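The structure under discussion appears below in the form of structure tokens.
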Amino acid sequence: MPVFPNNLSLRQLRAFDEVARQGAFAPAAKELCITQSALSESIRQLEDAVGMRLFDRTTRTVGLTSAGQSFLLDVRQAFEVLDQGVKNLEDLAALRQGKVRIAAAPSMLAVIVLPLLPQLRQQYPGIAVDLLEESAEGIALRVRDGAVDFGVGAAHLAGAELLTQPLVSDQMGLIARADEPLLKAPRLEVAQLAHLPFVGLTTDTAISQLLARAPGMPANVLNTSLRVSDPPLLFEAVRLGLGVSLIPALTARHPASRDLRFRALDAPHLLRSSLMIQRPRRALSPAAQLLFEAVQQRVRALSRYEGIFLD
């Protein structure tokens, strides 16, 4: 811990610097807008605090002692660091600089967060952004450990003590090539997928776990012969004719889904809920708050699409 005497003040250091600059007490007191006696008392208190004389005084002049000359270099260096620190805070408050770290599921980053960044970079070029793809558990752990400013994803036991705010719910539905007849069926139920080849996500993903808990899932959905680890791979597998799949409506807005089609399930009615996740009692930086609010606005814009609902 730095050693800084309790009776040593910034006011005294400013007085010391100004007397050294002016070479006399009268002009230094005028510059600092204090009386000459108050200035003399500040210098006396400073010398008492450090235990050394810093000035040699005569009736007409004031000069630094050798100790004072050495101390002045340190004081001015400290002032430069302090002034830069204040400037940095001003830049942060004015959003001229800053760094934001966000953890979220891959589809959330691609569909919600990334589309925000072109305008952000244009308006606030000094803000840097780190995006981390994570599972629900990984998001909770990174937020809990302070590795990110906030997370966007599903609730998880690892984040039981974190601060959460409902963001959006999206409905599970069929993703298929445009020529799939079920996309035009009057009613779409999961049992109708039983005869189709199915492409699933790996069992460690929240989407796969949601389907495993849902009632009435056909065997080909629960025990598919093809599983992939992320949505872009899934979309490519569907595009290649390897099967159809079930994904949430937000995931269906992923750029990689381009020429595929989405149709929400009528039965069962499955919803995935996503949250904004923060550490409790920890205020967001101005830059992080900007991104936090932009994510909420982006979700409001997406709620016009099928199967996406504001929470």
Meets criteria (among the β-branched types (Val, Ile, Thr) and in the same structural domain as residue 290 (by TED's automatic domain parsing)) for residue 111: yes
In region 168-222, residue nearest to the chain's Cα centre (by Cα) [restricted to those that are of a type in the set (S, T, N, Q) and under 12 Å from residue 263 (Cβ atoms)]: 171
Run down 78, 26, 38, 49 and say which single residue is at pLDDT 90 or above, of a type in the set (A, V, I, L, M) and not assigned by TED's automatic domain parsing to the domain that holds residue 287. 38
Filter region 1-23 for residues that are of a type in the set (A, V, I, L, M, F, W, C) and at pLDDT below 90; the one that is nearest to residue 82 (Cα to Cα) is 10
Taking region 190-216, which residues are touching a residue at least 60 places away in the same chain (Cβ under 8 Å) and within 22 Å of residue 140 (Cα to Cα)? 204, 205, 206, 207, 210
Restricting the search to region 35-56, which residues are out of contact with any helix residue (DSSP H, G or I) (no Cβ under 8 Å at 6 or more places or on another chain) and surrounded by 14 or more Cβ atoms within 10 Å (Cβ to Cβ)? 41, 47
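One line per residue, one yes/no per condition, for (1) in the same structural domain as residue 230 (by TED's automatic domain parsing); (2) surrounded by fewer than 19 Cβ atoms within 10 Å (Cβ to Cβ); (3) in contact with a helix residue (DSSP H, G or I) (Cβ under 6 Å, 6 or more places away or on another chain):
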position	(1), (2), (3)
104	no, no, no
115	no, yes, no
131	no, yes, yes
137	no, yes, yes
Matching residues in region 84-96 - criterion: being outside any helix (DSSP H, G or I) and surrounded by 15 or more Cβ atoms within 10 Å (Cβ to Cβ): 95, 96
Result of the Cβ filter at 7 Å on region 161-189, keeping first residues that are surrounded by 13 or more Cβ atoms within 10 Å (Cβ to Cβ) and partners that are polar (S, T, N, Q) and in a strand (DSSP E or B), at least 6 apart or interchain, is 162/278; 163/278; 167/274; 168/274; 169/273; 175/245
Restricting attention to region 272-285, report how many residues are surrounded by 16 or more Cβ atoms within 10 Å (Cβ to Cβ) and over 14 Å from residue 165 (Cβ atoms). 2
Could you grab me the full set of residues in region 31-44 that are of a type in the set (S, T, N, Q) and within 13 Å of residue 14 (Cα to Cα)? 40, 42
Test result for residue 227, among the charged types (D, E, K, R), at pLDDT 95 or above and farther than 22 Å from residue 307 by Cα: yes
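The values are calculated or read from the model by the stated rules, or taken from the named source; none is laboratory data. Values in this document were obtained by computation on a predicted structure and should not be read as measured data. Quick reminder, even Gly has a Cβ in these numbers, built from the backbone with ideal geometry, and neighbours come from all protein chains shown.
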